[in-house]
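Heads up, the thing below is written out as structure tokens.
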Amino acid sequence: MRKILSGLILLSLIATYTLAGPFIEDDSLALKPKKHYGQEARLVSQILTTYHFKKIALDDSLSAVILDNYISTLDNNKSYFTQSDITEFEQYRNKLDDMTTLGEVDVAFVIFNRFRDRFNQRMEYVRGKLTSRAYDYTKDEFYQTDRDNEDWAVNGDELNELWRKIIKSQTLSLKLSGRSQDEIEENIAKRYKRFQKNVDQYTSEDVFELYMNTVAEAFDPHTNYFSPRTSDRFKQNMSLSLEGIGARLQMDNDFTKIVQIMPGGPAEKSGLLHDNDRIVGVAQGADGEMVDVIGWRLDDVVQLIKGPKGTTVRLEILEAKNGMNGKPAEITLIRDKIKIEDLEAKAEVIDLNDSGQSHKVGVITLPGFYMDFEAYQNGDPDYNSTTRDVKRLIKELKSKGIDGLMVDLRNNGGGSLAEAIDLTGLFIKDGPVVQVKTSGNKIEVGKDDDPELLWDGPLAVMINRFSASASEIFAGAIQDYGRGVVIGEQTFGKGTVQNVIDLGRYIDVPDGEKVGQLKLTLQKFYRVTGSSTQHLGVDPDINLPSAFDASEFGESSNPSALPWDQIAGTKYDLTNDVSSRLIAQLNTDYENRLTSDIDLKNLVEETVELKQNLARTEISLNEEVRKKQMEEAEKKRAKRSGLSGTKIDPENKTESEGLQMDDKYLKEGIIILSSIIDSIG
């Protein structure tokens, strides 16, 4: 591929193109592109149009998408630009494709510099409102946090009204958390001072990255441009050696949101932090000042949270289960180093006593599909691998006399495809596991050629909305072969494969300068039936309550995601382990438990409440209404906590931590597996 790319680049550089770019005002504060950004933009556009799986042109229709998404990246809540700005930007709607292809990226800086001007105007307004104590918290009015469907403000007066509500909502939140008026004004002042500092610190590299990533993501959401700084952070994340709390973060409007709790990290071990929680404050040590981080850049929040192993960090969070109207909670975590061994497969044995039946169930928790390629290539006989570890664990579980096995893939975002294939082979004799379609429409079949069947007993696989990629390949194959019962939520639906290209291999830049990387979608996954896992993912045999809709959480939430399609199925041999009759009976039993099992009823109620909170984007600015909502939520949780019960007795744990008794999903999965054991046994 490198030779082909080099040839393309050489041909493109023989001719030089010039295009009169948009005029940038002679302002000493205006950010401007560096000279080599043009080379990078040309290279990225060539790679995308030539090698991306989608095989689409960078044309006027894609130009329109890039413009809309870039504006949204800068002002995703329509709180800075006015309609006149948006109308002015329309002149670029059908030009960004040609400009980017020819290496003209000035327009990205024109739009950013306008954004910064508008931002500074908003900050002037905020500073003026900080001296006012005239907010009427008895008035029935609302602030809409999601402005996707709102119109752009016509003028400054409309923006002033929007920002009046923003500041009023923020001051009311602080008031309800017990802050005095002086503390509220000081907190808000510091918050917006930091806002200002964040925007002032943007560099030309930041702007170029925002723009080129928008170009890349127009092709699909998993194709991304990384600046040199982001590339370094990406490599660090891939090394699985991070000191911090063990959580992946992303920006959500002005909030830092938890998008993944990393297995083995402090956040997971504490049980205090969950997906979709929002971090609003960070403090160092047991008594350090709580620093408000609403509106901070993600990099800055990460730097504040990270720290040496063994040190304390306190977080103030808005819990997802309480929604935006909830009262902030403070949690304390001890930072630790997250290594690959923390992400390895783990096993435990659970004794289940239910309705007079006693079963010993093995549970293997698999956070990811990993393999130490370097150790393998160096001939290390003890190299780390998912399949090797699970083999060992199954043998240990069998020696303890388990009756059934549960493979827990919840929150498993994927990893090595080869490991997913090999792992499937532990549960089937042999045969195809996955089909892979290349950008050249070539179909390759990933097969298990090892006839060894390590576990032939009752099998269940647990999945959730955040099980993705290689997890979906394994769960889908187990389901397609009828080898085990899949339990949980519909999975993420990521059916694509990416490779990372180091752009520095193809561009010569001035000394001291660096170029970024491009993560590019090159292949697509298909199940042995021929169905793509894209969008659909894996639909479980037994659907447990889920708060996460595919349209909001998953591949289908991305407009640029590749479509679902189907190819011809490949020949494979079904097993007799799981029948449609068994699945029907298990679903009937589950429906019956919904009316009698307290934990299951609580799980349904919690799921419904979380779903409602996630969907609620309108915040009351009435103090009594907000206070009542918070009190009602507390009463509901207290009532469920008092009624909670369990029939699981984790006496034979192989892990010292044991089964978390509040894990109602796992409990239900084990009960279902117990029924499978009874049916098959």
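Highest first, please rank the peptides 36-43, 78-85 by the mean number of other Cβ atoms sitting within 10 Å of their residues. Please report the intermediate quantities before stating the final value.
Details: 36-43: 21.5, 78-85: 18.1.
Top of the packing list down: 36-43, 78-85.
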Quick check: residue separation of SER84 and THR575 times 0.36 nm, minus the Cα distance between them. What number comes out in nm? 170.3 nm
Among SER471, PRO33, ASN155, pick out the residue whose Cα is farthest towards the positive end of the charge dipole of the chain, where Lys and Arg carry +1 and Asp and Glu carry -1 on C-beta, about the Cα centre. PRO33
Average Cα contact separation per residue, the range 341-680, under 8 Å, 6 or more apart, as relative contact order %: 18
Label point distance in nm, ASP287-ASP382, each placed 7 Å from Cα along Cα→Cβ: 4.6
Dipole of the chain, positive direction: furthest Cα of ALA418, TYR137, PHE369, with charges on the beta-carbon: TYR137
Take the Cβ-Cβ distance between LYS309 and VAL509 as r, set R0 to 60 Å, and report the resulting FRET efficiency rounded to the nearest 0.05. 0.95
How far apart, in nanometres, would the label points at GLU634 and LYS95 be if each is projected 7 angstrom from Cα along the Cα-to-Cβ direction? 5.7
The alpha-carbon center of the range 181-234 and that of the range 272-333 are separated, in whole Å, by 18
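For the chain, what does -39500 (n - 2.57) per DSSP helix run (n ≥ 4), summed and divided by total residues, give at 222 nm, in deg cm²/dmol to the nearest 500? Kindly include the intermediate steps, with their values, before the conclusion.
Numbers: 20 runs with 267 residues, N = 681.
Result for the chain: -12500 deg cm²/dmol, rounded to the nearest 500.
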Dipole magnitude of the chain about its Cα centre, charges +1 at Lys/Arg Cβ and -1 at Asp/Glu Cβ only, in debye to the nearest 20? 440
Tell me the label-point distance for the pair VAL302, GLU624, using the 7 Å Cα-to-Cβ offset, in nm and rounded to one decimal. 4.7
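Magnitude of the Cβ-charge dipole of the range 341-680, K/R +1 and D/E -1, about the Cα centre, nearest 20 debye?
Here the range 341-680 has a charge dipole of around 740 debye.
Where does each of 57-66, 192-201, 452-461 land if you order them by average Cβ count within 10 Å, highest first? Spell out each step's value before the answer.
On the way: 57-66: 17.1, 192-201: 15.1, 452-461: 19.3.
The peptides rank, most packed first, as 452-461, 57-66, 192-201.
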Roughly how many whole Å is it from the C-alpha centroid of the range 522-565 to that of the range 51-124? 30
Using DSSP, restrict attention to beta bridges with both residues in the range 424-562 and report what percent are antiparallel, rounded to the nearest 5. 75
In debye to the nearest 20, the charge dipole size for the range 145-240, taken about the Cα centre with +1 at each Lys and Arg Cβ and -1 at each Asp and Glu Cβ, equals 560
Sequence-distant aspartates and glutamates (8 or more away, or on other chains) whose Cα lies within less than 16 Å of LYS442: ASP565
Given the pairs LYS78/LYS190; LYS193/LYS628; LYS391/LYS601; LYS197/LYS611; LYS193/LYS257, which are separated by over 25 angstrom at their Cα positions? LYS193/LYS628; LYS391/LYS601; LYS197/LYS611
Modelled FRET efficiency - R0 41 Å, ALA584 with ASP140, Cβ distances, 0.05 increments: 0.20
By how many nm would the segment from GLU161 to GLU330 lengthen if fully extended, with 0.36 nm per residue of separation less the alpha-carbon distance? 57.7 nm
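Rounded to the nearest 0.05, what FRET efficiency is calculated for SER596 and ILE567 with R0 set to 45 Å and r the Cβ-Cβ distance? List each step's numbers first, then the result.
Details: r = 45 Å, r/R0 = 0.99.
That gives a FRET efficiency of 0.50.
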Just check the range 341-680 against the gyration tensor rule for me: Cα atoms, a ≥ b ≥ c as the square roots of the eigenvalues, rounded for a/c under 1.5, and otherwise prolate or oblate depending on whether a/b exceeds b/c. oblate
Report the relative contact order of the range 2-219, percent, no decimals, based on alpha-carbon pairs under 8 angstrom and at least 6 residues apart. 31
Once the dipole of the chain is set up from charges on Cβ (+1 Lys and Arg, -1 Asp and Glu), the residue from the list TYR92, PRO451, ILE350 lying farthest towards its positive end is TYR92
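We did not get these values from a lab; they are worked out from the coordinates using the rules stated. This structure is a prediction, so every number in the text was calculated from the model and none was measured. Cβ sites come from the backbone with ideal geometry, for glycine too, and all protein chains shown count toward neighbours.
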